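Before any comments, here is the structure.
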Amino acid sequence: MSAPIRSLAARYYTDPAVFEIEQVGLLARTWQFACHASELSGPGDYFAFEMAGESLFCVMGRDGVIRTFYNVCQHRAHQLVSGQGTTRVIVCPYHAWTYELTGGLRAGPNIAQVEGFDKSSICLTEVRTEVFLGFVFVNLDPDAAPMDDWFPNARAELEEWVPQHGRLKPLEWVEIPERCNWKVSVENYSECYHCSLNHPTFATGVVKPETYDIQPQGYCLRHTTECQNLEQMTYDIDSGYAHSHEYSSWYLWPMFSFQVYPGNVLNTYHWRALGHDRVVVWRGWYSVDGADDETVRRLAVQDRATTVEEDIHLVESVQRGLNSRGYVPGPLVVDPRCGVNSEHSVMHLQRWMREAVDGRDG
Ligand code: FES
Ligand SMILES: [Fe+2]
């Protein structure tokens, strides 16, 4: 008989040195959410952001392609842009070297006087970028496999579940700071063993708990369930699309999740790790063409007041517990039949977490 699999050692969640390793070995080698493509709608639109300890920016070229660059001038390293805006070319504020939207050096004061100066050899450092259902993702690893390899079928499934995705724009971003390690928050999101006790509406809501399951699909954790009591829904779910009477989610390792509610209503989670014991969870809510949508706004408020609020208390208590000398990591409840009361999904997550920090663990 094999021994039960134990939860990760507390130091993975409490040791600043582990977080330092993750910045390089995990955050810089996985697909991370940058911005929504609708924030870059025309040539020259740019958006700067921080990720894995780096400053980066996305910019749309005249060819309509969104590219991402490290936010650093190839002359003497001044940062190039901040915030969000539109520009014809990228001009460095230090000595006015000018770059094309495709990253190549275009001009610089007095550079023609420098013997052997080869303008064509100087280019901003580009970062792998993919647009996935209208969401811009970047990966600092130049050799990273494409998202479709990491998350097989997820794109095709989501296109079917959210057929209006090309017209969606962010309506609201709800910011939720949590005093815990990002992995505590992600694990909590990825199991429903805690749901019946902690989410009072879970058993009586539209999700049919006994059918809820979470299975890996590559590095995606796919949540599926049957629904019940759909007549209780407070909005009209008859969108006319397929899957309008279903609920599902696609968590993309390590820090993003697409959720689709009945009526094909898309909402998202993304996590930004601020340190070993600080994370911000962002809930994203979208509407067609960015139109104000009473239903979506109501869902965002209700979600913040219920599930999100309930989960904050859980994850912050866990983080305090992980700091206790009295904690010995317990066995995960892995039911061979899987299902709602099994932590097999946490087992998969913790395997990926260990791989990222300790290298492949067979
Ligand atoms: S550092 Fe950018 S032009 Fe000098
Ligand atoms: Fe929860």
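Starting from the range 148-162, take each residue that is in the same structural domain as Gly263 (by TED's automatic domain parsing) and list its partners that are buried (at least 20 other Cβ atoms within 10 Å of the Cβ) and part of a helix (DSSP H, G or I), counting only C-beta distances under 6 angstrom and pairs at least six apart or across chains. Going by the 6 Å Cβ cut-off, there are no qualifying pairs. Among the residues here, Leu80 does not qualify as within 19 Å of Thr129 (Cβ to Cβ) and more than 13 Å from ligand 1 (Cβ to nearest atom). Screening the candidates Asn188, Asn153, Asn198 for the property of being out of contact with any Pro (no Cβ under 9 Å at 6 or more places or on another chain), among the polar types (S, T, N, Q) and more than 16 Å from ligand 2 (Cβ to nearest atom) yields one hit, Asn153.
Going through (1) in a helix (DSSP H, G or I); (2) within 26 Å of Pro216 (Cβ to Cβ); (3) aliphatic (A, V, I, L, M); (4) touching a Phe, Trp or Tyr at 6+ places or on another chain (Cβ under 9 Å) one by one, Val333 falls short only on (1). Screening the range 6-102 for strands (runs of 3 or more DSSP E) wholly inside it with 2 or more residues that are over 17 Å from the mean Cα position of the chain (by Cα) returns the ranges 45-51, 54-60, 66-70, 84-86. Checking the range 222-237 against the condition returns a match, with at least one residue being more than 16 Å from ligand 1 (Cβ to nearest atom), in a strand (DSSP E or B) and more than 30 Å from Gln319 (Cβ to Cβ). Return the total of residues in the range 307-362 being acidic (Asp, Glu), crowded, with 18+ Cβ neighbours inside 10 Å and out of contact with any helix residue (DSSP H, G or I) (no Cβ under 8 Å at 6 or more places or on another chain). Selection size over the range 307-362: 1. Across the range 106-147, the number of residues qualifying as aliphatic (A, V, I, L, M), in a strand (DSSP E or B) and touching a residue at least 60 places away in the same chain (Cβ under 8 Å) comes to 4.
The values are calculated or read from the model by the stated rules, or taken from the named source; none is laboratory data. In this text the structure is predicted, and so the values were computed from the model without any measurement. FYI the Cβ positions are ideal-geometry reconstructions off the backbone, even for glycines, and counts take in every protein chain you see.
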